[in-house]
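The values are calculated or read from the model by the stated rules, or taken from the named source; none is laboratory data. Computed from a predicted structure; not experimentally measured. Cβ placement follows ideal geometry from the backbone for every residue including glycine, while neighbour counts extend to all protein chains displayed. SASA here: full protein model, heavy atoms, side chains in, ligands and nucleic acids out. Shrake-Rupley method; radii C 1.70, N 1.55, O 1.52, S 1.80 Å.
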Amino acid sequence: MSKPRLATAWLDGCSGCHMSLLDMDERLIEIAQQVEVVCGPYVDIKEFPENVDIALVEGAVSSEEDLHRIKKIRERSKLLICMGDCALTANVPSMRNAWEPDEVLARAYIENATMQQQIPRTSVPRLLNRARPVHEIVRVDIFIPGCPPSADVLYFALTELLAGRVPDLSSRTRFGA
Amino acid sequence: MTPEELSKIATIEQEEQQQHKHVIQVCVAAGCLSSHSDQVKDALDKEVSKRGLENTCHVKGVGCLGLCAAGPLVRVQPTAKPDAAVMYQAVTANDAADIVSSLEGPPVKRLVCPTNVPFFTRQKKIVLENSGIIDPDRIEEYIAVNGYAGLLQVVSTMRPSEVIDEVMRSGLRGRGGAGFSTGLKWSTVAKGRGSTKYVICNADEGDPGAFMDRSVLESDPHRVLEGMAIAAYAVGASQGYIYVRAEYPLAVKRLKAAIRQAERAGLLGNNIFGITFNFSIDIRLGAGAFVCGEETALIASIEGKRGTPRPRPPYPAESGLWGCPTLINNVETFANVPPIIRNGSAWFAGIGTEKSKGTKVFALAGRVTNTGLIEVPMGIPLREIVYDIGGGIPDGKKLKAVQTGGPSGGCIPEQHLDMPVDYESLAKVGSIMGSGGMIIMDDTSCMVDVAKFFMEFCRSESCGKCVPCRVGTAQMHDLLCRITDGSGTADDLTLLIELCDVLRATSLCGLGQTAPNPVLTTLQFFKHEYDAHIQKKTCPAGSCTIHAPAEVI
Amino acid sequence: MSPQPVPQVRVVTLKIDGRDVGATEDETILEVARQNGIFIPTLCYLDGLPSIGACRICLCEIKGANKLLPACVTRVQEGMEVTTDSERLTRYRKTIVEMLFAERNHVCAVCVSNGHCELQSMAQKLGITHVHMPYRYPKLTVDATHARFVQDDNRCVLCTRCVRVCDEVEGAHTWDIMGRGIDARVITDLNQAWGDSSSCTGCGKCVHVCPTGALTEKGRSTAEMVKKQQFLQYLMQMREAKQ
């Protein structure tokens, strides 16, 4: 039997959740032996692959590209797992949501910029009106709260999943943990 | 005031009224007043004095005559033949001369408002018996039609417990909405601990489209005072408050005048009718918060605090105003009390249905020919109200639903139109009697939009104290906005239904607990309209502006 | 001198979650449950403050009652049968806590109260992993005009503990509520800046009873604001003892 295909994805987040994954240290080897890592910031693949068994998603849905990607990830994955508060709650990326994107961009790239005051418009994806948690866009199977979820929590969640169980994380992590 | 004095006032007043050959009654309640009935009355007054008829013709302002849609209304009544009275509609000041000229001849044809039609003949007036007949600003006129006779009867011949028994036997239920047994409420307050007790009249009428209480206060204020005094005697209270919304300036003015007159006449104050019964009434003005119609919020407001409800129990009957046992009844409930005492509980219990006794006043509004104020016996079929009394739907449109109970009520569809109007039947279809607002809707009304309207009302009237009502009404309103503008999804509908359950089960007071009712009843009877907005992005009634399907964000 | 008669308070027995417990009739369901080690989640409730039954998280099922009743204000009665935990109650509690998260801008990760917040720990206890209703993202202000404290409306849950402790315990009544419904806000004095308040004594009681990061001490960074609530019970006990 082939190993489960694991993919990770990085939307609008700080990459802290992926750092936490790396923090599993030697346990990474143990996980790696049980899965085939097919996509993620650590893997040089541009297009999210087909037939993914487990997709770990970090980050909120903030731009048109995030929106496009999360829909593709959902289509191509059996289990979609939200990793960390940005994916769960939109977290820090959502702090711009009380304002319009243009106001936010103007504040960042013009009002607070000392040189080259201009809003980047080419070769960057357009911001959505609001940064949104993943489950508001597509169906999510499992949520792992935390900012970031600790390596222990991620390890526990992954080993439980690989053992065919739904991880009970309520006593291990929370929003902001 | 002694019993003899009371009957003397009545006799003098009746004799005086007999001296006039004609009486011209001009409605000066808020409805007709808004179409300048005060100018009509002035013009009639002038016309009468110009012709030197002051001694034979009496022009007086009276309360609501009911058919507000046809206002200003004027009624000319020959004293000798009251049944030959003629009603005029849409009267202007320019018509005064013609009306006065017609006193001795045939009526002014172009103004006549037929009164042999179902709108008038199918009503049964108890609460409104004096409305449109007596001058609300004169206590003598109220006394002349048996006013304060109930109070006299109670304090001179009955023990408090007998009064409560009488009210209990009448089967009277609270007219404010929930329909709790009035007698039971009185007896609980009577049994309450402590010597200080209060009687409060809830006149914070706030349902959109409802104006029953306003009309009673404007047309017959003494009836409410008498009802309160009888209640005070029964429960052992010596202080009463009328909590009336400041948006009813005319009602407040008439109440103030009525209280002053009753005090001067010794019908309020100390040693009423010469016994050791003291009762005073003060007015407290509400500052425009719908939630202050909820009894605990109303009490907080009277106490000078922020008008927010508190959890019950303890109920006000046990611990109310300043911690004392407090009786709170609505205007219409108190207005029913004097006739119950005068005519006996058996008379009252003979009207209506098995569990809903007496009559109910409704403010008929919306897409119906005869908008106005009506009083009907409990149990009357809804169809009769809409098609006979209401005169049906104008412009050849088709009836879609009848909304009762305001933001706490529901929309009753055509197929239930033959149901009797009573507390139980209305509850069975998911609505409530409520305080008496009745809005008729035709096929141009979108039922999702109606639900949105009431949810917007609840959202802006929620006090914000408890979480489910504060956040839930806002969430539900947003969801309904999305559905009506075409961006709603099936998930939105699922969440909407879930929130209905949460608000109903967990909100602190009636406002939040009943806020889902308009959504629930429209979902029950008009689910296809929700589906049309969500799936087909169309509004079947054509009243919602559907935007082009937007991107998901 | 003859001994003062003890005021009569009747003793009652009732069932909480199927357990027989004894109580006096002036006690609430919440008090009796806690004495017996039965946990009922609460948010607006705080021992030492008058209870208001506003957050609706402590709602319990009472046999024979047609409504759910808040444990913090409902007095026990002889023969009462209380259920403090059920699938239905958990569902409602979760939705209510989610409503609070959706209502304002609670970003735990960057909050000074991260790790010491009652809303956050309540979400964890109830097993909330995400909020299944739209976030509202209101535009709210932060008042940092006071010399020692900060008020952040983004993190307020309107439990009114600050209002109650200031009014009932400190006696200053600096805090109150303005507006209604979803627009309700806690304010100082007549909606003046906290730093300009003439009634505030600067005692800090409001800060320490606040369950979230809405009221905090200045100079604290993320996760550094630890609230000390023990003062309240101590203060109330000492006051009662003096009386």
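Taking 7 Å steps out from each Cα toward its Cβ at A:V124 and A:K3 produces label points 3.8 nm apart. Each of the peptides C:100-107, B:493-500 was scored by the mean count of other Cβ atoms within 10 Å over its residues; in descending order, highest first, they stand as C:100-107, B:493-500.
Placing a pseudo-label 7 Å from each Cα along the Cα-to-Cβ vector at C:R10 and A:L105 gives an inter-label distance of 7.2 nm.
Extending 7 Å from the Cα toward the beta-carbon at both C:S198 and B:R193 defines two label points whose distance is 4.2 nm. Calculated on the Cα set of region C:105-243, radius of gyration then Dmax: 15.5, 51 Å. Once the C-beta distance of C:Q233 and B:A178 is scaled by a Förster radius of 35 Å, the resulting FRET efficiency is 0.35 to the nearest 0.05.
Using the alpha-carbon positions of the protein assembly as shown, Rg (one decimal) and Dmax (whole number) come out as 33.3, 113 Å.
Centroid-to-centroid, using Cα positions, region C:81-128 and region B:481-523 are 21 Å apart.
Once you divide the Cα radius of gyration of chain C by 2.2 N^0.38 Å, the number left is 1.10. Charge tally for C:L235 (other residues, Cβ to Cβ under 13 Å; Lys, Arg +1; Asp, Glu -1): 0. Other protein chain C-beta atoms within 10 Å of residue C-beta, averaged over C:93-106: 4. Ordered from highest to lowest accessible area with the whole protein assembly present and a 1.4 Å probe, C:S51, A:S20, C:S198 read as C:S198, C:S51, A:S20. Tell me the angle of helix C:87-103 to the major Cα principal axis of chain C, expressed in degrees between 0 and 90 and rounded to the nearest ten. For helix C:87-103, the angle is close to 20 degrees. Counted over chain B with a bin width of 20 Å, the fraction of Cα pairs per bin, in whole percents, is 21, 52, 24, 3, 0. Quick one: accessible surface of C:F231, probe radius 1.4 Å, all protein chains present, in square angstrom to the nearest 10. Rounded to the nearest 10, that gives 60 Å².
For region A:71-148, the Cα gyration tensor yields ellipsoid semi-axes of 30, 14, 10 Å (square root of five times each eigenvalue, largest first, whole Å). Shown is the FRET efficiency for B:H36 and A:I29, computed with R0 = 60 Å from the Cβ-Cβ distance and rounded to the nearest 0.05: 0.10. Evaluating kT/(6 pi eta Rh) at 25 °C and 0.890 mPa s, with the Kirkwood radius of region B:3-156 over Cα pairs in the Stokes-Einstein relation, gives 152 µm² s⁻¹.
Relative to one another, the C-alpha centroids of region B:1-46 and region A:38-76 are positioned 82 Å apart. Each 5 Å bin from zero holds the following percent of Cα-Cα pairs in region C:23-70: 4, 20, 27, 31, 15, 2, 0. Gyration tensor analysis over the Cα atoms of region B:447-536 returns equivalent ellipsoid semi-axes of 22, 12, 11 Å (largest first, whole Å). Compute the long axis of helix C:230-242 from its Cα atoms, compare it with the longest principal axis of the Cα atoms of chain C, and write down the angle in degrees, 0 to 90, nearest 10. Roughly 60 degrees, rounded to the nearest 10. Taking every residue in B:502-509 and counting other chain Cβ atoms within 10 Å of its Cβ, the average works out to 5.
Please compute the Kirkwood hydrodynamic radius over region B:152-205, one decimal place, Å, based on all pairs of different Cα atoms.
Evaluated on region B:152-205, it is 12.4 Å.
Go ahead and run the numbers for FRET between C:D20 and A:K71, Cβ-Cβ distance against an R0 of 45 Å, rounding to 0.05. FRET efficiency, C:D20 to A:K71: 0.20. Within the listed set A:R165, A:R130, A:R74, the Gaussian network model of chain A (springs between alpha-carbon atoms below 10 Å) gives the highest mean-square fluctuation for A:R165.
For B:T2 and B:Q19, calculate 0.36 nm times their separation in residues minus their Cα-Cα distance, and state this gained length in nm to one decimal. Gain in length upon complete extension: 3.5 nm. In chain C, the calculated helix contribution to ellipticity at 222 nm averages -6500 deg cm²/dmol per residue, counting -39,500 (n - 2.57) for every DSSP H run with n ≥ 4.
For region C:21-145, compute the orientation-averaged projected area of the C-alpha convex hull (one quarter of its surface), in nm².
9.8 nm²
For region B:5-98, the set of trypsin sites (Lys or Arg not before Pro) satisfying both a DSSP loop assignment and a count of at most 16 other C-beta atoms within 10 Å is given as B:K21, B:R51.
Could you rank B:W322, B:W347 by how accessible they are, 1.4 Å probe, largest area first?
The ordering from most to least exposed comes out as B:W322, B:W347.
The GNM of chain A, with springs linking C-alpha atoms under 10 angstrom apart, assigns the highest mean-square fluctuation among A:A151, A:A113, A:A55 to A:A113.
Relative to the dominant Cα principal axis of chain A, helix A:64-76 is inclined by about 20°. Just so you know, the Cα atoms of region B:147-349 work out to an Rg and Dmax of 15.4, 44 Å. If you wrap the Cα atoms of region B:359-442 in a convex hull and average its projected area over all directions, you get 4.5 nm².
Accessible surface comparison of A:D66, B:D165, probe 1.4 Å, protein chains only, largest first: the order is B:D165, A:D66. Report, as a whole number in µm² per second, the diffusion coefficient that Stokes-Einstein gives for region B:117-200 at 4 °C and 1.567 mPa s using the Kirkwood radius over alpha carbon pairs. Estimated diffusion coefficient is 83 µm²/s. Along its three principal directions, the equivalent ellipsoid of chain A from the Cα gyration tensor extends over semi-axes of 31, 17, 15 Å, largest first. Find the centroid of the Cα atoms in region B:181-222 and in region B:392-424, then give the distance between the two in whole Å. If we compute the Cα centre of each part, the gap is 27 Å.
For chain B, the mean residue ellipticity at 222 nm estimated from helices alone is -12000 deg cm²/dmol, where every DSSP H run of n ≥ 4 contributes -39500 (n - 2.57) and the total is divided by all residues, rounded to the nearest 500.
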